[in-house]
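Data first, discussion second: the structure below is written as structure tokens.
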Amino acid sequence: MKHITLSLAAASLGLAAGAASAETSVTLYGIADVSIRYLSTSAGSVGEDGSRVSMENGAISNSRWGLRGSEDLGNGNRAFFRLENGFNVQNGKSSVSGKTFSRLAYVGLDGGGIGQLTLGLQNTPMFDLLADYFDPLTVGNYDQNAWLPAAMSRVRTENMTKYANTIGDLSLALSWANGESWEDRKAGQQYGASLRYMIGKLGLGAAYQQTYDGADSDLRQRVWNLNASYQFDSAKVFAGYFNGRDETGWVNAVMGGTTTASLDRKDNGYFAGVTWQATPRWALTGAAYYDRSKNVVEDGDKGKRYALVAVAEYSLSKRSQLYGTVDWNKVSDAASGEIAGKSNQVGAAVGFRHIF
């Protein structure tokens with residue numbers, strides 16, 4: 001990590017000599033992750049049967065750079081901030097146009113044992129629970145494989161106030177995000193909560209989230225989620241379940257299907273996986289995702305979607321890894337529109353990641 005320490009002496013601010021000085025530590029950090037990827041079919045692609053080979057953002061963790069810092073306020077308290085933007089190594093562009101910091105932008109206060117409060121653009125509590133502890137791919141793989149946890153958790157939200165604390169073996173997070181409409185004050189609001197409890201090597205987690213449509217508060221998405229993990233000597237296993245209802249069209253948009261707001265889409269999603277640390281340098285991960293959907297395109301229809309993913313990572317050092325990944329997606333019935341032109345899709349990639 002690159003550390004930049006700024007001594008904010010009171011004298012340099014023109015305050016009276018002898019006044020106490022404060023010190024803020026600021027860290028520049030990031031990940032550069034890029035891969036060469038093959039897809040058997042994708043919208044807008046060319047070649048035999050619509051297949052393509054392209055350079056893409058990383059499969060393990062999307063590229064980003066950021067700044068984070070904190071100031072010791074005394075008595076175990078601190079103030080802190082974090083600013084993070086995503087970018088694409090393959091073309092040097094920001095991953096989201098129009099935003100200086102597209103991934104995270106928040107400030108907060110940490111009161112030690114009483115927890116911490118943060119305000120700004122942040123990950124939802126459900127996403128943090130999945131990415132940090134329970135999703136075998138850390139919700140970091142390609143869009144073709146991250147569809148279930150991304151659609152259910154919504155990943156991150158603007159205008160969020162979040163409280164988090166750890167009490168013994170129990171960790172909790174609560175969030176509320178305000179909307180931006182003066183006419184419909186509930187529009188765009190979101191409520192979220194997550195719990196994680198550790199019993200030795202067994203981890204248990206649960207989350208709930210409710211999001212109101214940004215234009216019409218009569219439409220909303222509700223999701224609840226249960227998870228478990230267990231750490232063996234050299235392997236960790238994961239499993240989880242989502243129950244979702246969405247009237248906003250968000251899930252259809254993330255899944256790649258027809259966006260039909262006001263339909264009460266229902267999803268029952270399941271995932272399981274294992275990561276095996278085969279040697280100090282080799283890590284192997286396998287993951288499976290399955291979703292049963294209803295009311296996808298019209299009332300009463302039903303669909304299914306599956307994904308199988310395998311990832312092999314080789315560590316050149318603590319900060320640099322080579323990897324390869326293979327994945328397979330299949331859709332049927334009402335979910336058929338979620339893959340362009342076919343009922344199944346095969347992907348494969350090799351890539352390199354460096355953490356700084």
Check your understanding: What does the convex hull of the Cα atoms come to per residue for segment 49-96, in Å³?
Key -> 103
Review point. Who wins for biggest fluctuation among LEU263, LEU170, LEU117 in a Gaussian network model of the chain, springs between alpha carbons below 10 Å?
Key: LEU170
Study note, to complete from the structure: Of the convex hull enclosing the alpha-carbon atoms of segment 61-123, the direction-averaged projected area in nm² is 5.0
Check your understanding: What ³J(HN,Hα) values, in whole Hz, does the Karplus curve 6.51 cos²θ - 1.76 cosθ + 1.60 give for segment 268-275 when θ = phi - 60°, with x put for Gly and Pro?
Key -> 10, x, 10, 8, 7, x, 8, 10
Exercise for review: On the protein heavy atoms, probe 1.4 angstrom, tell me the percent of accessible surface of the chain carried by carbon and sulfur.
Suggested key: 57
Check your understanding: Per-residue ellipticity at 222 nm for the chain, helices alone: DSSP H runs ≥ 4 residues times -39500 (n - 2.57), over residue total, nearest 500 deg cm²/dmol?
Key -> -1500 deg cm²/dmol
Check your understanding: Rolling a 1.4 angstrom probe over the protein heavy atoms, how many square angstrom per residue are accessible across the chain?
Key -> 49
**Study point:** Unit Cα scatterers, Debye sum, the chain: log10 I(q)/I(0) for q = 0.09, 0.10 Å⁻¹
**Key:** -0.56, -0.69
Check your understanding: When Rg is the radius of gyration of the Cα atoms in segment 213-315 and Rh is its Kirkwood radius, what does Rg/Rh come to?
Key -> 1.12
**Study point:** For segment 202-214, 3J(HN,Hα) per residue [Karplus equation, 6.51 cos²θ - 1.76 cosθ + 1.60, θ = phi - 60°, Hz, x = Gly/Pro]
**Key:** 8, x, 10, x, 8, 8, 9, 8, 10, 10, 8, 4, x
Review point. Which whole-number value in Å³ per residue fits the convex hull of the alpha carbons of segment 72-172?
Key: 125
**Study point:** Nearby lysines by direct alpha-carbon distance to LYS294 (threshold 25 angstrom, same-chain neighbours under 8 apart not counted)
**Key:** LYS266, LYS302, LYS304, LYS330, LYS342
Revision key, fill the gap. Here the gain from full extension of TRP282 to LEU28, 0.36 nm per residue of separation minus their alpha-carbon distance, amounts to 88.6 nm
**Study point:** Extension reserve of the ASN178-SER97 stretch, reckoned as 0.36 nm per residue once the Cα distance is removed
**Key:** 26.9 nm
Point to revise | Nearest-ten-degree value, helix 143-153 long axis tilted from longest Cα axis of the chain | key: 60
Exercise for review: Springs between alpha-carbon atoms under 10 Å, Gaussian network over the chain: tell me which of PRO280, PRO149, PRO125 tops the mean-square fluctuations.
Suggested key: PRO280
Point to revise | Within-14-Å neighbourhood charge of ASN329 [Cβ basis; K, R +1; D, E -1] | key: +1
Study note, to complete from the structure: Residues meeting the amide H criterion for SER343 (H placed from the backbone, H to H distance under 5 Å, 5 or more places apart or on another chain) are none
Point to revise | Gained length - VAL326 relative to ARG222, 0.36 nm times residue gap less alpha-carbon distance | key: 34.3 nm
Review point. Between THR258 and PHE356, what is the label-to-label distance in nm when each label sits 7 Å out along the Cα-to-Cβ direction?
Key: 4.7
Review point. How would GLU183, GLU338 rank on accessible area, largest to smallest, probe 1.4 Å?
Key: GLU183, GLU338
Check your understanding: Over 25 Å between Cα atoms, which of LYS236/LYS318; LYS162/LYS318; LYS99/LYS236 qualify?
Key -> LYS162/LYS318; LYS99/LYS236
Practice item. Report the local net charge at GLU313: Lys and Arg +1, Asp and Glu -1, summed over other residues whose C-beta lies under 10 Å from its C-beta. Key: +2
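The values are calculated or read from the model by the stated rules, or taken from the named source; none is laboratory data. Just so it is clear, the model here is predicted, and its values are computed rather than measured. Here Cβ is always computed from backbone atoms with ideal geometry, including for glycine, and neighbour counts include all displayed protein chains. Only protein heavy atoms, including side chains, enter the accessible area calculation; ligands, DNA and RNA are left aside. Shrake-Rupley method; radii C 1.70, N 1.55, O 1.52, S 1.80 Å.
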